[in-house]
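Since every read-out is calculated from the coordinates, none of them should be taken as a lab result. Since this is a predicted model, take the numbers as computed values, not measurements. Note that we place each Cβ from the backbone using ideal geometry, even for glycine, and neighbour counts take in every protein chain shown.
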Ligand SMILES: [Zn+2]
């Protein structure tokens with residue numbers, strides 16, 4: 001949910017957040033021609049993030065610098081203007097495909113293991129937001145801020161609720177939070193930073209649990 005108390009952000013910052021690399025000329029031109037933006041201002045309300053993201057996605061096609069993505073851009077753009085993505089994760093050719101495959105594999109493995117509730121402890125606020133926006137259930141996800149003190153009781157409730165708890169190491173995760181979940185049989189730790197690595201780990205954990213249940 002947009003926070004009404006958040007100050008307006010630079011348009012260039014919002015665009016970078018949405019995966020548009022500088023110089024962002026096409027994105028800024030479309031934004032400033034839309035009802036969401038005042039062309040005389042350099043800032044924009046965070047509340048307009050979603051409509052702006054949707055508008056730009058209909059007109060522009062984000063492609064990373066990789067040679068094979070660049071080569072396929074014109075063919076796959078589907079009438080949109082190819083523009084430079086901030087990186088492979090924001091690339092609509094390789095990023096979307098790889099992340100989509102990792103997510104699909106995680107979903108399939110969880111379904112197979114009968115896991116419908118997953119708790120993830122750690123990650124940055126940005127990655128948690130990204131996960132919320134891009135990962136509707138199943139499985140249902142409970143995302144825990146690893147920097148805010150949690151009581152042993154809350155952790156027990158999380159562990160009882162979730163079929164599996166993933167501790168996202170190498171991210172913003174305090175030991176006093178992760179230690180609450182550590183010894184449990186249904187928890188595991190992943191040290192890969194990206195969301196894709198998180199899904200790959202979870203898929204593997206679900207496959208292992210599925211095999212154990214069958215043996
Ligand atoms: Zn790419």
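Quick notes on this one:
- Hydrodynamic radius by Kirkwood, which averages 1/r over all alpha carbon pairs of the range 51-120, in angstrom: 13.7
- Computed FRET value (nearest 0.05) for residue 42 with residue 98, which takes r as the C-beta separation and R₀ as 35 Å: 0.55
- Principal axis dimensions, largest first and in whole angstrom, of the range 98-214 by Cα: 33, 31, 21
- For the chain, built as a Gaussian network whose Cα springs stay under 10 Å, the top-fluctuating residue of 89, 74, 105: 74
- A crude spin-label estimate for the pair residue 32 and residue 149, with each label 7 Å from Cα along the Cβ direction, gives 5.0 nm.
- Nearest 10 degrees, 0 to 90: helix 94-113 Cα axis against the chain principal axis: 30
- Along principal axes, Cα extents of the chain, largest first, whole Å: 59, 41, 25
- For the chain, modelled as a GNM whose springs connect Cα atoms under 10 angstrom apart, the maximal fluctuation among 118, 144, 30 occurs at 30.
- The range 1-72, relative contact order [Cα under 8 Å, separation at least 6], %: 36
- Translational diffusion coefficient of the range 9-92 (Stokes-Einstein, Kirkwood radius from Cα pairs, 25 °C, 0.890 mPa s): 190 µm²/s.
- Fully extending the segment from residue 13 to residue 72, taken as 0.36 nm per residue of separation minus the present Cα-Cα distance, adds 18.5 nm.
- Ordering 182, 106 by the number of other Cβ atoms within 10 Å of each residue's own Cβ, fewest first, gives 182, 106.
- Against the compact-protein benchmark of 2.2 N^0.38 Å, the Cα-based radius of gyration of the range 101-152 scales to 1.23.
- Kirkwood Rh (inverse of mean 1/r, distinct Cα pairs), the range 8-49, angstrom: 10.1
- Based on C-alpha pairs under 8 angstrom that are at least 6 apart in sequence, the chain has a relative contact order of 17 percent.
- Rounded tilt (10° steps) of 152-161 against the dominant C-alpha axis of the chain: 80
- Relative to the longest principal axis of the Cα atoms of the chain, the long axis of helix 125-134 lies at roughly 80 degrees.
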